[in-house]
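A short write-up of the structure that comes next.
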Amino acid sequence: MRDFHTDHRWLSINTATVRMQHGEPWPLPKILDACAARGIRAVSPWRDQVAAAGLAATAAQLKALELELSGYCRGGLFTYTDAASKQAVRDDNLRALDEACTLGAPCLVLVVGALPGALAGKVAHKDIALARTQVGEGIAWLLEQARARRMPLAIEPLHPMYAADRACVNTLAQALDLCEALDPAPAGEAAALGVAVDAYHVWWDPDLESQIARAGGGSDGDSGRGRGANRLLAFHVCDWLVPTTDLLEDRGMPGDGVIELPRLRGWVEAAGFAGYSEVEIFSRRHWWQREGGEVLDTCIERHRRCV
Ligand code: ZN
């Protein structure tokens, strides 16, 4: 397992972590400057932040600062109720894919969607099985577009508390079933469809260790031999606070909660992941009320000590 104690070369900042400071939006160009100034080498920006800053301007700034991406947030939300909403979903995902290509992202992260309308507070139906069918079909369709652009897709299973409104793919096993069905890539080949393992969403899963090994292709980690492609495309970290007071925006800084992050990182690295540990925190009442630079400094310190 890599030693993170002495430097932060494998730290990436999901830019949602500092999307606000003192409760006000912190613009992406300033976030990127602040990351680069601290020797942070990678970020994962959100589409709304990029749209506000301008796609071409963001691409140019990333290049000038020599910042890499550890992912692009996000595509997905595949469920729909009629032909018009189905088309709108597909058009939006194509735009997300093209933006990911322009920014040089290593993958487009997918939050797959759930019951249509639930996110807006008005659910169109209760048929979660139908939602899962539409998600499978949506990913299959987007995968063809993504292959043509050589842009990997990373399914991010979300904690089951989001099954109604954000994602009806809730375990790593479920995500990997989709990957293997839609993209039967053999060992040694780059997966076109993989997973984003977010500690916040999957830490509770009793099958987590074995499913992470499966995501890595079943490799033993030393020989590199596996049964399938390595599908570990991203690793997100934050912490689960006790108590958690908001289902969406009360994520903890690594070290402040109950997730054994070093153990999880050991599992993903043993399975062949050697990329960035991306700190992704939504914290309306705490970290979004701080000064952004202070939050980044804390991320660096916790990355070294608690991840
Ligand atoms: Zn995540």
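The values are calculated or read from the model by the stated rules, or taken from the named source; none is laboratory data. Here the structure is a predicted model, which means the values were calculated and not measured. Methodologically, a virtual Cβ is constructed for each residue, glycine included, from the backbone with ideal geometry; neighbour enumeration extends over all protein chains shown. Heads up: the accessible areas ignore ligands, DNA and RNA and are worked out on the full protein's heavy atoms, side chains in. Shrake-Rupley method; radii C 1.70, N 1.55, O 1.52, S 1.80 Å.
Would you confirm, using the coordinates I've provided, whether Arg265 is of a type in the set (Lys, Arg), within 16 Å of the ligand (Cβ to nearest atom), at pLDDT 95 or above and within 18 Å of His8 (Cβ to Cβ)?
Values: of a type in the set (Lys, Arg): yes; within 16 Å of the ligand (Cβ to nearest atom): yes; at pLDDT 95 or above: yes; within 18 Å of His8 (Cβ to Cβ): yes.
Taking the combined requirement at face value, the residue satisfies it.
For Ala234, are the conditions met, namely being part of a strand (DSSP E or B) and touching a residue at least 40 places away in the same chain (Cβ under 8 Å)? Before you say what the answer is, go through the steps one by one.
Details: part of a strand (DSSP E or B): yes; touching a residue at least 40 places away in the same chain (Cβ under 8 Å): yes.
Yes; evaluated as a whole, the condition is true for this residue.
Please verify whether the range 101-113 includes one or more residues that are open to solvent by 60 Å² or more (accessible area, probe 1.4 Å) and β-branched (Val, Ile, Thr).
Within the range 101-113, one or more residues are open to solvent by 60 Å² or more (accessible area, probe 1.4 Å) and β-branched (Val, Ile, Thr).
Filter the range 174-187 for residues that are among the small types (Gly, Ala, Ser) and surrounded by 13 or more Cβ atoms within 10 Å (Cβ to Cβ); which is farthest from the chain's Cα centre (by Cα)?
Here is the first cut: in the range 174-187, the ones among the small types (Gly, Ala, Ser) are 175, 181, 185, 187.
With surrounded by 13 or more Cβ atoms within 10 Å (Cβ to Cβ) added as a condition, the list becomes 175, 185, 187.
Values: Ala175: 13, Ala185: 21, Ala187: 23 Å.
Looking at residues that are among the small types (Gly, Ala, Ser) and surrounded by 13 or more Cβ atoms within 10 Å (Cβ to Cβ), I get Ala187.
Ala154 versus (1) open to solvent by 50 Å² or more (accessible area, probe 1.4 Å); (2) in contact (Cβ under 8 Å) with a residue 60 or more places away in the chain; (3) in contact with a Cys (Cβ under 6 Å, 6 or more places away or on another chain): which is the lone unmet condition?
Only one criterion is unmet by Ala154, namely (1).
So how many residues does the range 9-36 have that are closer than 19 Å to Ser277 by Cα and either in a helix (DSSP H, G or I) or more than 18 Å from the chain's Cα centre (by Cα) (or both)?
Residues flagged as closer than 19 Å to Ser277 by Cα and either in a helix (DSSP H, G or I) or more than 18 Å from the chain's Cα centre (by Cα) (or both) within the range 9-36 amount to 10.
Does Val43 fit the bill of being modelled with pLDDT of 95 or more, touching a helix residue (DSSP H, G or I) at 6+ places or on another chain (Cβ under 6 Å), open to solvent by less than 20 Å² (accessible area, probe 1.4 Å) and assigned to a helix (DSSP H, G or I)? Reasoning before the result, please.
Numbers: modelled with pLDDT of 95 or more: yes; touching a helix residue (DSSP H, G or I) at 6+ places or on another chain (Cβ under 6 Å): yes; open to solvent by less than 20 Å² (accessible area, probe 1.4 Å): yes; assigned to a helix (DSSP H, G or I): no.
No; evaluated as a whole, the condition is false for this residue.
Looking at the range 8-24, which of the residues that are in contact (Cβ under 8 Å) with a residue 40 or more places away in the chain and open to solvent by 10 Å² or more (accessible area, probe 1.4 Å) is nearest to the ligand (Cβ to nearest atom)?
Selected residue: Arg19.
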